[in-house]
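**Q** Sending over a structure as structure tokens; questions will come in a sec.
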Amino acid sequence: MSNGVMEVVMDAVRDARIMIVDDQEANLRLLTALLASDGYHHVSATTRSPDALALFRATEPDLVLLDYRMPELDGIQLLGQLRCTDAGGAFLPIVMLTGEGSEDVKSGALAAGASDFLTKPFGRTEVLLRLRNLLETRLLSLRQQRQNEELELRVRERTAELEESRYELLARLARAAEYRDDATGQHAQRVGATTARLARRLGHAEDDVELLRRAALLHDVGKIGIADEVLLKPGRFTPEEFERMKEHTAIGAELLSGSRSAVLRLGEVVARTHHERWDGGGYGHALCGEAIPLAGRIVAVADVFDALTAARPYKTAWTVEAAIAEIGAQRGRQFDPQVVDAFLAVLGGADTHECAEQRASPDHRHEATGRQTGHLAAAPAAPAAPAVPATGGTCETAEGGRPVAVAGTEAGPARAAPPRGDRTNGALLRLIDELGAENEALRRASGTDALTGLANRRAFDDALARECLRAARHRAPLSVLLLDVDAFKATNDALGHRAGDAALRGVAAAAGAVALRPVDLVARYGGDEFAVLLPDTDTAGALAVAETIRHDVEAGRQYAGEPPVTVTVSAGAATLVPAGGDDAATLLVQADAALYAAKRAGRNRVAAFGQHCSGPAAALAASGSQLRSARAHWEPSSPLRPDHV
């Protein structure tokens, strides 16, 4: 290891936080002085073991020195509590201090979780060497933990991208199958929209509603595996052809199976079960009642409603009144009674009537309307034009729930399809616009942190990469701030997650109120860490912004939690030097080094990374007065919002 690297490691080791618990005041003074003589200045101590747990949570130490023999709570008992409290995951060295050198004492302490021993009276060289080795191990463990977390995050993001790609591929397959017998390609979109309304009416959370809407788009993906001579047949199905048609549910389920994606797993359920009947007479697995998954029961209603209210070559579109009456008549027979009740409550409005009456289109065959149940093959007794069956008979349900073909007369001539322009109506366009708006909302949500409403890490990284390229091209400064809530774990432990969430929202509000230019971006980068992107901003300007945020958070002007929460933040700033060869990753590493320098300097501070140096030791902490002076004299080089500080 080179001398320069060794110095950096030793600086990091000496910046470690050490906690001492010993009931003898003399021992505390001796150990504190001994540690200070070797450069350790972040030392906290207590003589009362019952106070140690609170001190541990407040200081988050990197190493603990624990006396073996103490009143109230002895070292072994306290050791167990500390191990249970520490949820950081990284190696935390706890050293037992003892005047007893027996093997029983050592083995008992080691079994309880002690990392090492120091025997009284203490020898300076032994103490410092043992602690240095343990702290170096702690430092490496923290670094490894952080790298693992970053790798896990990348794996999760990549897995999500792959699953999204698979969903997109299958969704396009579903559209390809749909275009074969639906010239508009909008049947699945309408079924998805109706499914979402029904699920919402049934009381499902909005996340579940969106999940089911996306899954419903895949309900007929299995039709990609049905031969054209069956799928596009203008006449009635023979029993053999109908059996082949029914295979689309199994094909679709097979295409969607084996995924870890929640959408595709639910899509598999929908594809397999959306032709089941409440009374057991459907196909797939002849399930009945609540044995049919709820997703399949909801999509079944949405699917049949869309098929009934759309014109086909073999029938005119049913009126909405007729379709609603038919679905109501199938309550407890073909459909789940509760889903039908939700359908009647949601889809009885004027907008739905207009949409369904005007969107008639003879471009989509749906076997459920003439081939699964006879009562859906002909128009009901309603003031609608009578439907023309596609066949001379229907597919009724025989005993045992098996569909059988019924002989009849030959099919009449198919009705001519009206021009495509006549099928594109205002109601359908409004529905498409609504779906487009939902997709745009999903796109925005993918780059937004749900708790704070800020950009998330993915959105920030994308913006940072773009701004680095722009800064290099225009030789303009670009600064990044990383902010971390001080002792956030202690806040969560002491006040609960509700208070912790309030603190995070407060910090987000404070940062967003300062970085106001259109080109600025504030993001929640992960956990209790925030990032601020400041284009056209040099180091002095970045420090001014950081100090303003730090000051506003400390003042508590931005938020009030329940219970009230008071927190502080530390911040690190780094600036990309034009034509200096820096990139996004380098900028983040430098800002991170500055952030940890601010924390080591006592927290509730800001620091900037010195571009002429190469390691954490190069981070220069600045006092509040210096930064207020910089803020008073700084003017951003961007003319967009000169008042953003």
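Quick note: the coordinates plus some simple rules give every number you see, no bench work behind them. For clarity, every value in this text was computed on a predicted model and none was experimentally measured. Note that each Cβ is placed from the backbone with ideal geometry, even for glycine, and that neighbours are counted across all protein chains shown.
**Q** Give me the distance in nm between label points sitting 7 Å out from Cα along the Cα-to-Cβ direction at CYS84 and ALA513, one decimal.
**A** 4.1 nm
**Q** Continuing with this model, one more query. Could you sort 447-453, 217-223 so that the peptide with the highest average Cβ count within 10 Å comes first and the rest follow in order? Mind dumping the intermediate values first?
**A** On the way: 447-453: 15.4, 217-223: 26.6.
Ranking the peptides 447-453, 217-223 by packing returns 217-223, 447-453.
**Q** Karplus couplings for the stretch 138-147 from phi (6.51 cos²θ - 1.76 cosθ + 1.60, θ = phi - 60°), rounded to Hz, Gly and Pro as x?
**A** Each residue's phi maps through the Karplus curve to give 4, 4, 5, 5, 5, 5, 5, 4, 5, 4 Hz.
**Q** In whole Å, what three semi-axes, largest first, describe the equivalent ellipsoid of the stretch 289-338 built from its Cα gyration tensor (square root of 5 times each eigenvalue)?
**A** Semi-axes (√(5λ), whole Å): 22, 12, 7.
**Q** Any chance you could run the full-extension gain for ARG69 through GLU126? It's 0.36 nm times the residue separation minus the Cα-Cα distance, nm to one decimal. Provide the component values of the computation, followed by the final result.
**A** Working: separation 57, 0.36 × 57 = 20.52 nm, distance 2.11 nm.
Gain on extension, ARG69 to GLU126, equals 18.4 nm.
**Q** With the Cα gyration tensor of the stretch 3-148 in hand, convert its eigenvalues to equivalent ellipsoid semi-axes via √(5λ) and list them largest first in whole Å. Don't skip to the answer; put the middle values down first.
**A** Working: eigenvalues 107, 64, 44 Å².
Taking √(5λ) for each eigenvalue gives 23, 18, 15 Å, largest first.
**Q** Let me ask something else about it. Counting other C-beta atoms within 10 Å, and keeping those with at most 16, which DSSP coil trypsin sites (Lys or Arg not before Pro) do you find in the stretch 461-566? Walk me through the numbers before you get to the answer.
**A** Numbers: sites: ARG466, ARG470, ARG473, ARG475, LYS489, ARG498, ARG505, ARG524, ARG550, ARG557; in loops: ARG475, ARG557.
Qualifying residues, ordered by number: ARG475, ARG557.
**Q** Residue by residue through the stretch 451-463, what is 3J(HN,Hα) from phi via Karplus (6.51 cos²θ - 1.76 cosθ + 1.60, θ = phi - 60°)? Round to whole Hz and write x for glycine and proline.
**A** Listing the rounded values in order: 6, 9, x, 7, 4, 9, 4, 4, 5, 5, 4, 5, 5 Hz.
**Q** Amide H of ARG236: which non-local residues (sequence gap of 5 or more, or other chain) have their own amide H closer than 5 Å, using H built in the peptide plane?
**A** Excluding prolines and chain starts, which carry no amide H, the hits are GLY392, ALA411.
**Q** Report ³J(HN,Hα) in whole Hz for each residue of the stretch 265-282, in order, from the Karplus equation J = 6.51 cos²θ - 1.76 cosθ + 1.60 where θ = phi - 60°; Gly and Pro get x.
**A** With coefficients 6.51, -1.76 and 1.60, one gets 5, 5, x, 4, 4, 5, 4, 6, 10, 6, 10, 6, 10, 4, 8, x, x, x Hz.
**Q** Report, by chain and number, residues whose modeled amide H sits under 5 Å from the one on LEU521, excluding near sequence neighbours (fewer than 5 apart, same chain).
**A** For LEU521, whose amide H was placed from the backbone, the distant partners under 5 Å are LEU533.
**Q** So which lysines can LYS120 reach, going by Cα to Cα under 19 Å and dropping same-chain residues fewer than 8 places off?
**A** Cross-link targets: LYS106.
**Q** Also, quick follow-up: Can you return the lysines within cross-link range of LYS223? Criterion is Cα-Cα under 18 Å, with same-chain partners fewer than 8 residues away left out.
**A** Output for LYS223: LYS233, LYS246.
**Q** Need the full-extension length gain, ARG146 to ARG172, defined as separation in residues times 0.36 nm minus the C-alpha distance. One decimal, nm. Mind showing how you got there, number by number?
**A** Details: separation 26, 0.36 × 26 = 9.36 nm, distance 3.87 nm.
So the extension gain works out to 5.5 nm.
**Q** On to the next question. Please work out whether the stretch 200-348 counts as rounded, prolate or oblate from its C-alpha gyration tensor, where a ≥ b ≥ c are the square roots of the eigenvalues and a/c under 1.5 means rounded, while otherwise a/b larger than b/c means prolate and anything else oblate? Could you put the intermediate results ahead of the total?
**A** On the way: a/c = 1.61, a/b = 1.07, b/c = 1.50.
Since a/c reaches 1.5 but b/c is at least a/b, the shape of the stretch 200-348 is classed as oblate.
**Q** Sticking with this structure for a sec: Long-range amide H contacts for ASP116: which residues qualify at under 5 Å (H placed 1.01 Å from N, peptide plane, sequence gap of 5 or more or a different chain)?
**A** HN-HN under 5 Å from ASP116: ILE94, MET96.
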